[in-house]
Amino acid sequence: MSASTSRLKVEDPRADGYGPTIGTRAPLPRYAMEHALPAGTILFEQGDVPNFQVVLVSGSVQLFGRSAGGREVLIEVVRAPDLVIPAAVLTGSPYLMQARVPEPSKFLLVQADVFREAIDRDPQLAKAVLGTLAEQFRRMVRQTKNLKLRSAAERVGCYLLVLSERQGTPDRALLPYEKHVIASELGMTRESFSRALNALAKAGISVDGQEVTIHDRTRLAKAAIPDPMIDPPDPDGTERQVLELIGRLKG
């Protein structure tokens, strides 16, 4: 973790006695706080109990898991728009991962108890949150299948194909993070990631720093074997539900 990394600090809007209180049925937008955060901010730590439901409006969030021995891996990258770990907020359980902001991003924060109460009384809000949870579950299943059913070279090849599509540049992919971070997300060491890139050179790619040129997309796809039951659509089904939720929070 870099020395410049900072923690998100948010004051409870009811602390001064002027904010709405639980049970008043005040409009939900009264409780939503907008924040623009710089790269390097930690939203919460692994083991923290949620005080807020964090809604990612723009940018992205990296979710890291850490072992008791201190080993750290990137579990998932959450991209806007989405809810950040709503399962922990709904159950009042400790976060199983740490959340970091890798790029300037914007958020809406809603007090966790208010969010739960609003879901209890608003069927449409509950439906939107349930839809988001369902898509996040499907995303984790895709990730598990990716890790368990593919070789290292296939994982890296499909990662490059999806990344180039997302970036709108089918003939190249700009790696968004350090290679060791991407490697951990794909369930491998940096050395294995480098070996996979070297192996894929025969499939028509070349690497220059953080930029990967895809000289022959058909050959790369033949080597990586993309699968619609594993590789995520872009965008996936989460976006519609979260955009609806953001609209409700903003009023």
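The values are calculated or read from the model by the stated rules, or taken from the named source; none is laboratory data. Keep in mind it's a predicted model, so treat the numbers as computed, not measured. Every residue, glycine as well, gets a Cβ built from its backbone with ideal geometry; the counts of neighbours run over all protein chains shown. Areas reflect the complete protein model, heavy atoms only, side chains present, ligands, DNA and RNA absent. Shrake-Rupley method; radii C 1.70, N 1.55, O 1.52, S 1.80 Å.
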In nm, spacing of pseudo-spin labels at residue 167 and residue 202 (7 Å Cα→C-beta vector): 2.5 nm
Which percent of the accessible area of the chain is formed by carbon and sulfur heavy atoms (probe 1.4 angstrom)? 54 percent
Within the range 125-198, report the GluC sites (Glu not before Pro) that DSSP leaves as loop and that have at most 14 other Cβ atoms within 10 Å. 178
Ignoring everything except DSSP H segments at least 4 long, calculate the 222 nm mean residue ellipticity for the chain; use -39,500 (n - 2.57) per segment, divide by total residues, nearest 500. -12000 deg cm²/dmol
Given charges at beta-carbon only (K, R positive; D, E negative), |dipole| of the chain in Debye: 460 debye
If I require 30 Å or longer along the helix axis, counting alpha carbons, and a Kyte-Doolittle average no lower than -1.0, what helices from the chain are left? Use full DSSP H segments. 123-149
Take residue 7 and residue 33, extend 7 Å from each Cα along the Cα→Cβ direction, and tell me the distance between the two endpoints in nm. 1.4 nm
Between the range 34-101 and the range 139-172, the alpha-carbon center distance in angstrom: 22 Å
Return one whole number: the accessible area per residue of the range 182-227 in Å², for a 1.4 Å probe. 54 Å²
In the full protein assembly as shown, how much of residue 180 is accessible to a 1.4 Å probe, in Å² to the nearest 10? 100 Å²
Quick one: accessible surface of residue 218, probe radius 1.4 Å, all protein chains present, in square angstrom to the nearest 10. 110 Å²
Taking 25 Å as R0, compute the FRET efficiency from the Cβ-Cβ separation of residue 189 and residue 222 and round it to 0.05. 0.45
